[in-house]
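Right, one structure below, let's go through it.
Please treat every number below as a calculation from the coordinates, not as lab data. Just so we're clear, the structure is a prediction, and the values are computed from it rather than from any experiment. Quick reminder, even Gly has a Cβ in these numbers, built from the backbone with ideal geometry, and neighbours come from all protein chains shown.
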Amino acid sequence: MSLRLYNSRTRTTEPFVPYDSERVRIYVCGLTPSAEAHLGHARSFMFFDVLRRYLVHLGYRVEFVRNVTDIDDRSIAEGKARGVPYSAIVEQYFSSFKRSMDRLSVLDPDREPRATEYIAEITLMIAALIETGSAYVAADGVYFSVESFPRYGALSGRNTDELLIGARIAPGEDKRDPLDFALWKHAKPGEPSWPSPWGDGRPGWHIECSAMCHALLGEPFDIHGGGYDLIFPHHENEIAQTESLVPPPMANVWMHGGLLQFDGRKMSKSLGNFEPLHALLDRHDPQAIRLLFLQTSYNKPMNYTEDAVAGATAGLRRLLAAYDVLRAAPSPAHDEAAARAALEPFRTRFFAALDDDVNTSSAVSVLFELAAESSNLSATGVAGHAAIFLHEAMTLLGISPVERAKAALKSLTAGTASVAGVEYTIRRNGAEHLSQAALDRLRGQLGEIVPPHPIEPTDAVDAIVEARIKAKSEKDFALADRLREALADAGVTLSDSKDGTTWTVDA
């Protein structure tokens, strides 16, 4: 079976055929960092991370863009309330979000454009919309004319008569029709602004994504994604803006993640059930959170409960324990074809599930079946093949031991590590330099765990030591032992004490 995806625009599950046989272009609407990210954000971004990983597994070169809406009413208002620039609010919340994405093993996008970096492209697109009669200049800014786009409402399945019910023109708005939306907002006193042909101001929310899609991916591109709540009005408005200027479709496939509830209710500060994402990740294993989401189809509504995450934590432990059993089992010489045949039913069903609209729920079920058979597989002499497949599958889903180690290394800062409120200091005991050869030995032992980008050998050791501290705190002793052994092979000796961990380079 080839990959099939549910297309929100056609409301059907279709064979996925990229415009370029070797390349897939994806745009996912990212965070507006005017408040702390929450678990609803994480669910959406984790799904598109799995989709991206699977497309790479299928052999495609993926260009993945996830934008940042770094200017909006809320960040401006909070900046004023705190007496700081709006940009300080953006940086605070965006940094917190990025750390959480690292902890959840969500890969960095290839491009992460910010709206304020694309003011020129935005103003050019607005000028083109005015030129074609799709937009008009008003006293308070520039608006898109919904009446000018007959297909408006096709994505969300709404018609303009339905949308007009309850629609109104808010005080201070000078638009012609209640359905029209802002492309450019004239600056108010004390607000950040940029020059434009229509007066100083800033872009509306919707136009920024159209401009960045056009600049970075071109039209049509393959996949446009986001949460279910973005279908209307955000994605509806994107389509109207873009397809008023270029032939449809803007994107071939539109994909939307399902909504998330907490204990059967919408998450809201007023309801008292809002918890920042970083705080939730402090309380639970990030990989367990990831597994919890994988066990529900991405486009279905989901209810988060503490009991559910406890169950996912137990399930994650079963998978990791099965991997350890399979990896440790002897692998006697046997018929290679027969060994692969024993694993083929699991492989076939796992990848068939992912081909079926990235059905991670069914894919995870296959892995649990394999885990339940780990002892039998070990006894029949195919443990090695089973361990390789299980690790491959868990890596595709972002929950493998290597993914855990990579997240630990990326999220910790060399020099200190805090575990359960205790601060650990990592000292070098006079060893100022570690040879490049020793670093190469570490890479040989740990593979992807050591960051591939240029890094000082001493910094690499500090990061590995911190990852070991974190692994021990999470009772992941297999990983902790593996990291110690790799350091020993590279000539680094660790010494643990109540005051922390020190390391020295063997003479």
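Between the alpha-carbon centers of region 364-395 and region 242-259, tell me the distance in whole angstrom.
Comparing the Cα centres of region 364-395 and region 242-259, I get a distance of 40 Å.
Could you tell me which of Tyr93, Gly257, Pro401 has its Cα farthest along the dipole of the chain towards the positive end, charges placed at Cβ (Lys, Arg +1; Asp, Glu -1), taken about the Cα centre?
Towards the positive end, the residue furthest out is Pro401.
I'd like to know which of His224, Leu277, Pro33 lies farthest towards the positive end of the charge dipole of the chain, counting +1 on Cβ of Lys and Arg and -1 on Cβ of Asp and Glu.
So the residue furthest toward the plus end is Leu277.
Taking amide H atoms as placed 1.01 Å from N in the peptide plane, list the residues 5 or more away in sequence, or in a different chain, whose amide H sits under 5 Å from that of Val253.
So Val253 has HN proximity to Ile223, His224.
Between [x] 26.0, 85; [y] 22.3, 67; [z] 25.6, 80, which matches Rg and Dmax of the Cα atoms in Å calculated for the structure shown?
So the structure-derived entry is [z].
Any chance you could give the angle, 0 to 90 degrees and rounded to 10, that helix 401-411 forms with the longest Cα principal axis of the chain?
Between the helix axis and the principal axis of the chain, the angle is about 60 degrees.
Remind me, relative contact order of region 17-266 in percent, using alpha carbon pairs under 8 angstrom and six or more residues apart?
It comes to 21 percent, rounded to a whole number.
Provide the gained length on full extension for the span Ala35 to Asp161, in nm with one decimal, where the gain is 0.36 nm per separating residue minus the Cα-Cα distance.
Values: separation 126, 0.36 × 126 = 45.36 nm, distance 3.45 nm.
Computed gain between Ala35 and Asp161 is 41.9 nm.
When you count, for each residue, the other Cβ atoms within 10 Å and take the mean per peptide, how do 490-496, 399-405 rank with the highest first?
399-405, 490-496
Would you mind counting up the charge near Leu3? Only other residues with Cβ under 11 Å from its Cβ, with Lys and Arg at +1 and Asp and Glu at -1.
On the way: positive: Arg4; negative: Glu14, Asp355, Asp356, Asp357.
Local charge sum for Leu3: -3.
Which order do the peptides 59-70, 199-210 come out in when sorted by mean C-beta neighbours inside 10 angstrom, highest first?
Per-residue mean Cβ counts within 10 Å order the peptides as 199-210, 59-70.
Where does helix 360-372 land angle-wise versus the long Cα axis of the chain, in degrees 0 to 90, nearest 10?
10
Could you give the dipole magnitude of the chain about its Cα centre, charging the beta-carbon of Lys and Arg +1 and that of Asp and Glu -1, in debye to the nearest 20?
Charge dipole of the chain: 800 debye, to the nearest 20.
In whole percent, what relative contact order does the chain give with Cα contacts below 8 Å and a gap of six or more residues?
14
Using 7 Å Cα-to-Cβ label points, what is the Asp73/Ser87 separation (nm, one decimal)?
2.4
Once phi is turned into θ = phi - 60°, what whole-Hz ³J(HN,Hα) does the Karplus curve with 6.51, -1.76 and 1.60 give for every residue of region 75-91, x standing for Gly and Pro?
So the J values, rounded to whole Hz, are 5, 5, 5, 5, x, 4, 5, 8, x, 10, x, 4, 5, 5, 5, 4, 5.
For region 246-357, what does the relative contact order come out to in percent, with C-alpha contacts under 8 Å and a separation of six or more?
Worked out over region 246-357, it gives 28 percent.
Report, to the nearest 10°, how far helix 306-328 tilts away from the longest principal axis of the Cα atoms in the chain, using its own Cα long axis and a range of 0 to 90°.
Between the helix axis and the principal axis of the chain, the angle is about 40 degrees.
Specify the inter-centroid distance of region 294-325 and region 468-494, based on alpha-carbon positions, in whole Å.
What the calculation gives is 26 Å, centre to centre.
Just list whichever of Lys406/Lys472; Lys80/Lys470; Lys98/Lys472 have alpha carbons separated by over 27 Å in the model shown.
Beyond 27 Å between Cα atoms: Lys80/Lys470.
When DSSP assigns beta bridges and you keep just the ones with both residues in the chain, what percent turn out antiparallel, to the nearest 5?
Working: 29 of 53 bridges.
Roughly 55 percent of the DSSP beta bridges within the chain come out antiparallel.
Starting from the Cα of Asp282, step 7 Å along the direction of its Cβ; do the same at Ala127; then give the gap between the two resulting points in nm.
So the two model labels end up 4.9 nm from each other.
Could you name the aspartates and glutamates whose alpha carbon sits less than 13 Å from that of Lys175, not counting residues in the same chain fewer than 8 places away?
Hits, sequence-local ones excluded: Asp140, Glu147.
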